Amino acid sequence: MKVELPAAFTERMRALPGLDFGRFLAEYDRPPLRGLRVNTLRCATESFVLSAPFELSRTPFCDDGFYLAEPVSGRHPWHHAGVFYLQEPSAMAAVEALAPQPGMAVLDLCAAPGGKATQIAARLQGRGLLVCNEVIPARARALLSNIERCGVRNAVVLCEQPKVLCERLQGFFDCVLVDAPCSGEGMFRREPQAAAEWHEDLPAACAARQLEILCCAADALREGGTLVYSTCTFAPEEDEGVIDRFLKRRGDYEVEAIERPFGRPAMPQWASAAPCVALARRIFPEDGGEGHFIARLRRRSQGTSAVPACQTGSEPKSGSDSKSALRLFTEFYRENFQAPLYGEPFERGGSIYIAPPLLPPTQGLHVMRAGVFAGKVRGTR
Ligand code: SAM
């Protein structure tokens, strides 16, 4: 079904200087692009390519990402086992721009349903910490489910307001991703409902909220760390415009070039933004993705202090019942597993969890899961 584009959207796009509007519009006669990303926590990409029962071709956005010739069902057993994540191809570019390294502490502030969070987890290779947050409880549950399905052991899943979370964990993270809620213009071809719900005032309302979220995120990053801001919309005020307003507020941040050359340079002139905003990237359908904007920012060093990470879980672990449950678990683990325990076991309500190393202080925050559920202690078993 061909999507019906809102007239005000089409007129705005037509007026943007430097955009080949005819080519842009012609893309809406084609079917949407579909993709998957191999979850390298479960399977090496080259093994997947050799055995996958789907027709695949590589994307320019991510080495583990592929275009699908035909749609693949989320009910496929490999999907259920977390071997791959169904993800729109251009959405894979934001985490490539963030480039988190194993051992780092990473925050994904707007994380549900978890496409980019699970991609960050794969890049961390189980080492370091991923804090992923979603403000809407039902969506946070979906995020948790995807984190579990993909076998991520070093994640904390939160359901918190960005302001509360970022004030608590000031300067804690090496990398922060803000994949902001937006007017979703880049998803019109995939989700005609997004086009039906769009209205002229939506980009301005989204831009105000995006700037607020981005300013919160800026506090959570350590000096010298990397912050990536992304949207799946074409609206200049939500893209170049938000970055420009952010840079005016936060003189300790600068835009950086993105090493992987996907899409095309951003267009500061579309939002009367500073010329440096051209270092951000845009992806249009004719660039091989449904539509994304990605800006990579660095926080300059100014010599302020950060929240110290705890080497182990910071949750209180008191009480003799808790201690004996932990002893039973540790003995059980030693007898039955060969790999060393990654993280610190703790007991909560008769269940044992393994908290990832680097866990920040999370008391008072709405934690849905810290690390891995390991099991339950019943009596002496
Ligand atoms: N990063 C996700 C992924 O790759 O699967 C997609 C995130 S989506 C673009 C934006 C998310 O921000 C949504 O899950 C939405 O519920 C959440 N959100 C909505 N309002 C928010 C707010 N005021 N603060 C933070 N997040 C918000």
I need the full set of residues from segment 155-209 which are of a type in the set (G, A, S), away from the ligand (no atom under 14 Å from the Cβ), assigned to a helix (DSSP H, G or I) and out of contact with any Pro (no Cβ under 7 Å at 6 or more places or on another chain), in order please. A196, A204
Restricted to segment 227-283, and to residues that are closer than 16 Å to R300 by Cα and acidic (D, E), which residue is surrounded by the most Cβ atoms within 10 Å (Cβ to Cβ)? E256
Subset of segment 64-84 [exposed (fewer than 14 other Cβ atoms within 10 Å of the Cβ) and either free of Cβ contacts under 8 Å to residues at least 60 places away in the same chain or aromatic (F, W, Y) (or both)]: A69, E70, P71, S73, G74, R75, P77
If we ask which residues in segment 143-154 are within 10 Å of the ligand (Cβ to nearest atom) and in a loop (DSSP other than H, G, I, E, B), their number turns out to be 0
Considering only segment 27-57, state which residues are polar (S, T, N, Q), over 17 Å from H76 (Cα atoms) and exposed (fewer than 13 other Cβ atoms within 10 Å of the Cβ). S47, S57
Looking at (1) surrounded by 24 or more Cβ atoms within 10 Å (Cβ to Cβ); (2) more than 11 Å from the ligand (Cβ to nearest atom); (3) small (G, A, S), find the lone condition where A217 falls short. (2)
Quick test for you: out of C132, C110, pick the one residue that is within 14 Å of the ligand (Cβ to nearest atom), closer than 24 Å to A280 by Cβ and surrounded by fewer than 24 Cβ atoms within 10 Å (Cβ to Cβ). C110
From A105, A140, A121, A99, grab the single residue that is within 11 Å of the ligand (Cβ to nearest atom) and either touching a residue at least 40 places away in the same chain (Cβ under 8 Å) or surrounded by 21 or more Cβ atoms within 10 Å (Cβ to Cβ) (or both). A140
Within segment 320-370, strands (runs of 3 or more DSSP E) holding 1 or more residues that are within 22 Å of A220 (Cβ to Cβ): 351-355, 367-370
Mind checking which strands (runs of 3 or more DSSP E) fall wholly inside segment 61-141 and carry at least 3 residues that are among the aliphatic types (A, V, I, L, M) and over 18 Å from V38 (Cα atoms)? 105-108, 129-133
Which pairs turn up if I take residues in segment 151-175 that are small (G, A, S) and look for partners that are at pLDDT below 95 and not in a strand (DSSP E or B) with beta carbon separation below 8 Å, at least 6 apart in sequence or on another chain? A155/P356; A155/G371; G171/T304; G171/S305; G171/A306; G171/V307
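The values are calculated or read from the model by the stated rules, or taken from the named source; none is laboratory data. Small disclaimer: the values here were computed from a predicted structure and weren't measured. Neighbour counts are summed over all protein chains in view; Cβ atoms, including those assigned to glycine, are modelled from backbone coordinates with ideal geometry.
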